[in-house]
Amino acid sequence: MSDLLKPGDHVSSGEKKYRVLKEIGDGGQGNVYCVSEGEHLYALKWYNKSASTPEQYESIEMLIEKGAPSEEFIWPIELVEGASTDNFGYVMPLINTKKFTKLSYYFSGDVEVKKFETIIDAGIKMAHAFYALHINGLCYRDISFGNLFVNFETGDVLICDNDNVTFDNLTSLENNWGTNGFMAPEVVRGELPPSSQTDLFSLSVVLFRMLHKQHPLQGQREYDVLISDYESDLALYGTNPIFIYDPIDATNRPVAGKKDIAEAYWPYYPTFIKERFIEAFTLGLHDPHARIRESIWIKDLSALKSQLYYCYNCGGQVFYDKSLLTENVVCPACKSKIKVLPPRLKIGDSVIMLNHDTVLYANQIDGSKVMDYDTEVGKVEIHPKHPNVWGIRNLSDQVWRYVTKEGTVKEVNKDEVIPIIHNLEIQLGTQTGTLRLMSQIKS
């Protein structure tokens, strides 16, 4: 059988027969087709002859046997062959491209994202997916935009090209591969093969680019390269990588008017998330064991989401930063000074902004539940007849409590509402928080 399949061709797993409908993608190893089996549609990756090796066959067999680490992975279902044994492929779920879009389209401007929550949620779910992969003893080897799909309405993600995945115990440098700009420096230099530690570096690059739309290592030094070649890429990403916001080395800052899109984002993020990226691209550049774990990203991104509030002048989104309360905070959209903060909930050192549409999640309330980022435990509601009266509806199975001004303990069960009253101390299960009302910022 040819390296290429035609509509109407069939491939078989032995038990099932799949009919080729159309080609939907191609790459260096082969082509991807939409196929049908009965009334069901699937995707088929069909390897060319050079990629149809016994090693590749065994690798796909291993992945099928282990099963998908999480629902985010478009995982191989079964191996298939055609009339000839020269080629083989594997069947996998078909991505619904009406809902999911390649992440790269977000950077090209083909996708408009109205709320930061969507991008943050996508980052959280990516981090959790790779956490699930790594605790199963696997590594991805080639995390890049070409393999990541996002539902820009919900923040859900899908990860494809999972024949990149292998056991996290590679020793041979012949297994070195990846996408330029995403590989860890030690892989670029040819010193170590891909691993879960190099995946963590790639994940940090993806998250930075999602939040800043610029590569963390592409600033002045990349702009000064007249002709990009192997040597320039080796220096930029391997032998002398420098973070564009390195606090000590300023030689690779964004280039004003030329390579500076990150400047539209970086100044407006809270200090804690900037410090995390500095850690990822200073210590983490040079020490694989100093890289940011997936659980830390989930914790920080969940906290970042809780810091969002709306500019009362234009409706744009602003990030709260408690370290900048005495400074002039400016809306990134309309550039006006922020004069009003919404109600807030303070739990320990954490502050959650209570907007009209805020939803509270388990890991935002209880720091011990880091990975429980999608369980809704409460939501802000406005009284339908009295718009100045706000409350938080308890969506959890735990009983909340607070003391009224008369000194009695009031219990708030599931689906009941606790009023947002200034300085009201509330017991949220095992956690204690304090409410603050809308307030003016002193300039």
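The values are calculated or read from the model by the stated rules, or taken from the named source; none is laboratory data. Note that this is a predicted model, so its numbers are computed, not measured. Here the Cβ positions follow ideal geometry from the backbone for every residue, glycine too, while neighbour counts run over all protein chains shown.
Taking region 153-184, which residues are under 13 Å from Leu63 (Cβ atoms) and in a helix (DSSP H, G or I)? Scanning region 153-184 gives Asn162, Asp163, Asn164.
In the set (1) over 16 Å from the mean Cα position of the chain (by Cα); (2) in a helix (DSSP H, G or I), Asp199 fails one condition alone, (1). The residues of region 1-36 that are part of a strand (DSSP E or B), of a type outside the set (D, E, K, R), surrounded by fewer than 16 Cβ atoms within 10 Å (Cβ to Cβ) and under 32 Å from the mean Cα position of the chain (by Cα), listed by number, are Ile24, Gly25, Ser36. If you go through region 266-295 and keep only what is among the polar types (S, T, N, Q) and either surrounded by 18 or more Cβ atoms within 10 Å (Cβ to Cβ) or not in a helix (DSSP H, G or I) (or both), you end up with just Thr282.
Would you call Asp300 closer than 29 Å to Glu376 by Cβ, without any contact (Cβ under 8 Å) to a residue 60 or more places away in the chain and in contact with a Pro (Cβ under 7 Å, 6 or more places away or on another chain)? Here the answer is no, as Asp300 does not meet what is asked.
Can you pull out every residue in region 304-318 that is touching a residue at least 60 places away in the same chain (Cβ under 8 Å) and either among the aromatic types (Phe, Trp, Tyr) or more than 13 Å from Glu117 (Cβ to Cβ) (or both)?
none
Filtered by the rule that a residue be surrounded by 13 or more Cβ atoms within 10 Å (Cβ to Cβ) and among the β-branched types (Val, Ile, Thr), region 147-191 gives Val150, Thr154, Val157, Ile159, Val165, Thr166, Thr179, Val187, Val188.
Against the criterion of being among the aliphatic types (A, V, I, L, M), farther than 23 Å from Lys125 by Cα and modelled with pLDDT of 95 or more, Val330 does not qualify. Taken over region 51-65, the residue count meeting the criterion of being farther than 18 Å from Met92 by Cβ and either among the hydrophobic types (A, V, I, L, M, F, W, C) or touching a strand residue (DSSP E or B) at 6+ places or on another chain (Cβ under 9 Å) (or both) is 1. For region 400-420, give me each residue that is modelled with pLDDT of 95 or more and outside any strand (DSSP E or B). Residues satisfying the conditions are Asn413, Lys414, Asp415, Glu416, Ile420. A count restricted to region 374-399 and to residues that are among the basic types (Lys, Arg), without any contact (Cβ under 8 Å) to a residue 24 or more places away in the chain and not in a loop (DSSP other than H, G, I, E, B) stands at 1.
Criterion applied to Val370, Val403, Val329 was being more than 26 Å from Glu275 (Cα to Cα) and either touching a residue at least 40 places away in the same chain (Cβ under 8 Å) or out of contact with any helix residue (DSSP H, G or I) (no Cβ under 9 Å at 6 or more places or on another chain) (or both), and the one residue passing it is Val403. Could you tell me which residue of region 352-373 is farthest from Leu308 (Cα to Cα), considering only residues that are polar (S, T, N, Q) and in a loop (DSSP other than H, G, I, E, B)? The extreme case among them is Ser368.
Results for (1) in contact (Cβ under 8 Å) with a residue 40 or more places away in the chain; (2) among the hydroxyl-bearing types (Ser, Thr, Tyr), shown as yes or no for each residue.
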| residue | (1), (2) |
| --- | --- |
| Pro216 | yes, no |
| Tyr223 | no, yes |
| Asp229 | no, no |
| Ser232 | no, yes |
| Ile244 | no, no |
| Asp249 | no, no |
| Gly257 | no, no |
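Is it the case, given these coordinates, that Ile298 is outside any loop (DSSP other than H, G, I, E, B), among the aliphatic types (A, V, I, L, M) and surrounded by fewer than 20 Cβ atoms within 10 Å (Cβ to Cβ)? For Ile298, the condition - outside any loop (DSSP other than H, G, I, E, B), among the aliphatic types (A, V, I, L, M) and surrounded by fewer than 20 Cβ atoms within 10 Å (Cβ to Cβ) - is not met. Just the residues that are assigned to a strand (DSSP E or B) and exposed (fewer than 15 other Cβ atoms within 10 Å of the Cβ), please, taken from region 312-340. Lys337, Val340 - these are the residues of region 312-340 that are assigned to a strand (DSSP E or B) and exposed (fewer than 15 other Cβ atoms within 10 Å of the Cβ). Just one of the listed residues (Ser108, Ser172, Ser202) is closer than 26 Å to Val32 by Cα and modelled with pLDDT under 95, and it is Ser108. For region 242-260, state whether one or more residues are surrounded by 18 or more Cβ atoms within 10 Å (Cβ to Cβ) and assigned to a helix (DSSP H, G or I). Looking through region 242-260, none of the residues is surrounded by 18 or more Cβ atoms within 10 Å (Cβ to Cβ) and assigned to a helix (DSSP H, G or I).
Do we have any residue at all in region 402-420 that's in contact with a Phe, Trp or Tyr (Cβ under 6 Å, 6 or more places away or on another chain), surrounded by fewer than 15 Cβ atoms within 10 Å (Cβ to Cβ), over 23 Å from Lys369 (Cβ atoms) and of a type in the set (A, V, I, L, M, F, W, C)? No, because not a single residue in region 402-420 is in contact with a Phe, Trp or Tyr (Cβ under 6 Å, 6 or more places away or on another chain), surrounded by fewer than 15 Cβ atoms within 10 Å (Cβ to Cβ), over 23 Å from Lys369 (Cβ atoms) and of a type in the set (A, V, I, L, M, F, W, C). Out of curiosity, is Glu61 buried (at least 17 other Cβ atoms within 10 Å of the Cβ), among the acidic types (Asp, Glu) and over 23 Å from His128 (Cβ atoms)? No; evaluated as a whole, the condition is false for this residue. Do we have Gln218 as assigned to a loop (DSSP other than H, G, I, E, B) and crowded, with 21+ Cβ neighbours inside 10 Å here? Judged against the criteria, Gln218 is not a match. Mind checking whether some residue in region 341-350 is outside any loop (DSSP other than H, G, I, E, B) and free of Cβ contacts under 8 Å to residues at least 12 places away in the same chain? No, the conditions are met nowhere in region 341-350.
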